[in-house]
Amino acid sequence: MQFQQLRYFVAVAGSRHFTRAAEELHVAQPSLSQQIRSLERELGADLFTRARGNIALTDAGEALLPLARRILADMDTARHEVQELAQLRRGRVRLGATPSVCTGLLPDLLRAFHDAHPGIQLLVEEGGSHDLVRELARGALDLALVVLPLPSPSPALTTVELLHEDLVVVSSPAARAPRGPVRIADLRDEPMVMFRHGYDLRELTVGACRAEGFEPVFTVEGGELDAVLGFVRAGLGLAVVPRMVAERAGTGLRVTPLARPGLHRTIALAHRSDVAPTRAARELQRVLLSRPG
């Protein structure tokens with residue numbers, strides 16, 4: 001049974017006339033009649049009575065008509081749904097990102113994507129790179145913005161470097177803190193506010209301090225990004241954050257660069273190598289990778 005045969009059948013049932021149905025469908029009448037006969041042979045029953053030019057549905061035709069209409073309606077709905085997705089009028093993208101990337105990088109880029117494709121639903125999940133890689137691997141995310149190098153490199157992931165970013169020191173303007181470029185060694189004995197375990201920034205900062213031969217002193221630790229910035233504003237200590245985050249943090253913070261060679265991090269866009277991204281995900285990927293600078 002073919003969709004075309006069902007469409008021909010519904011047209012004849014509606015007009016009760018083979019020639020008029022053929023004209024409505026813009027097909028030759030003999031071709032339409034042949035398709036109806038083929039459908040009847042396949043079903044093993046006549047669908048129409050043909051007496052002296054009068055066309056009427058048989059019992060089999062009456063039974064088939066509502067089913068055929070429903071099948072054709074479902075097919076039209078399916079075609080419409082697929083076209084909506086293909087043309088980026090509908091869809092969903094599940095994007096993972098570290099909290100600092102969500103704060104510093106994503107707002108403007110997601111706004112640009114939403115303005116271009118308002119029908120695409122954006123689902124954003126914040127987490128550390130380790131958690132995001134795990135979520136990608138199990139198919140819970142389409143794309144993720146992670147910090148390189150990955151905590152556990154996986155051949156099943158494809159990563160494309162997006163940007164290299166400097167880290168800076170933020171402090172309360174009222175706090176005692178160096179005003180010029182700061183060396184990592186200068187942070188020895190300085191009170192610091194530290195992110196919770198699982199933050200890439202925590203691992204990077206602690207690792208840099210240990211490389212200089214000391215353990216950082218924490219006055220508060222365990223916070224999320226907004227909490228850490230709030231604790232710094234309150235004068236509880238210094239924090240090392242990405243420059244983009246510091247620039248978006250608003251008033252109440254003093255930003256001090258790190259002396260060369262400083263600290264840097266690389267943000268990459270990752271997706272599974274064994275699963276082709278959806279059209280909507282590919283479009284978001286294009287927007288992210290084409291960001292200026």
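Can you tell me the 0 to 90 degree angle between the C-alpha axis of helix 200-211 and the longest principal axis of the chain, rounded to 10?
30 degrees
How would you classify segment 67-156 from its alpha-carbon gyration tensor, with a ≥ b ≥ c the square roots of the eigenvalues: rounded for a/c under 1.5, else prolate if a/b is greater than b/c, otherwise oblate? Walk me through the intermediate numbers first.
Values: a/c = 4.07, a/b = 1.94, b/c = 2.10.
The shape class here is oblate.
Where does segment 1-78 land on Rg(C-alpha)/(2.2 N^0.38 Å)? Can you show the working numbers first?
Numbers: Rg = 11.7 Å, N = 78, 2.2 N^0.38 = 11.5 Å.
Normalised by 2.2 N^0.38 Å, the Cα Rg of segment 1-78 equals 1.02.
Given an 8 Å cut-off on Cα distances and at least 6 residues of separation, report the relative contact order of the chain as a percent.
Values: 454 pairs, mean separation 61.5, N = 293.
Contact order relative to length: 21 percent.
As a test, work out the antiparallel percent of DSSP beta bridges whose residues both lie in the chain, rounded to the nearest 5.
Values: 26 of 43 bridges.
Of those bridges, close to 60 percent are antiparallel.
List the relative contact order of segment 176-250 as a percent without decimals, with contacts defined as Cα pairs under 8 Å and 6+ residues apart.
Values: 85 pairs, mean separation 27.0, N = 75.
It rounds to 36 percent for segment 176-250.
Using only Cα atoms, find the angle between the long axis of helix 29-43 and the longest principal axis of the chain, and express it within 0 to 90 degrees, rounded to the nearest 10.
Tilt of helix 29-43: around 80 degrees.
Please list the non-local residues whose amide H lies under 5 Å from the amide H of V124, H modeled 1.01 Å from N, same-chain partners needing a gap of 5 or more.
L95
On average, how much accessible surface per residue is there in segment 147-226, in Å², for a 1.4 Å probe, leaving out ligands, DNA and RNA? List each step's numbers first, then the result.
On the way: 4200 Å² over 80 residues.
For segment 147-226, the per-residue accessible area is 52 Å².
State, to one decimal in nm, how far the label point of R50 lies from the label point of H17, with both points 7 Å from Cα in the Cβ direction.
The two pseudo-label positions are separated by 1.7 nm.
Rounding to the nearest 10 and keeping the result within 0 to 90°, find how far the Cα-based axis of helix 59-86 lies from the longest principal axis of the chain.
30 degrees
Put one equal scatterer on each alpha carbon of segment 118-264, apply the Debye formula with no solvent term, and list log10 I(q)/I(0) at q = 0.13, 0.14, 0.19, 0.22 1/Å to two decimals.
Treating every Cα as an identical point scatterer, log10 I(q)/I(0) equals -0.63, -0.72, -1.17, -1.42.
Along the three principal axes, how long is the chain when you take its alpha carbons, biggest first, rounded to the nearest angstrom?
Result for the chain: principal-axis Cα extents of 104, 37, 30 Å.
The values are calculated or read from the model by the stated rules, or taken from the named source; none is laboratory data. Note that the structure is a prediction, hence the values are computed from the model and not measured. In this analysis, Cβ positions are derived from the backbone assuming ideal geometry, glycine residues included, and neighbour counts consider all displayed protein chains. Please note that ligands, DNA and RNA were not included when accessible areas were found on the heavy atoms of the full protein model with its side chains. Shrake-Rupley method; radii C 1.70, N 1.55, O 1.52, S 1.80 Å.
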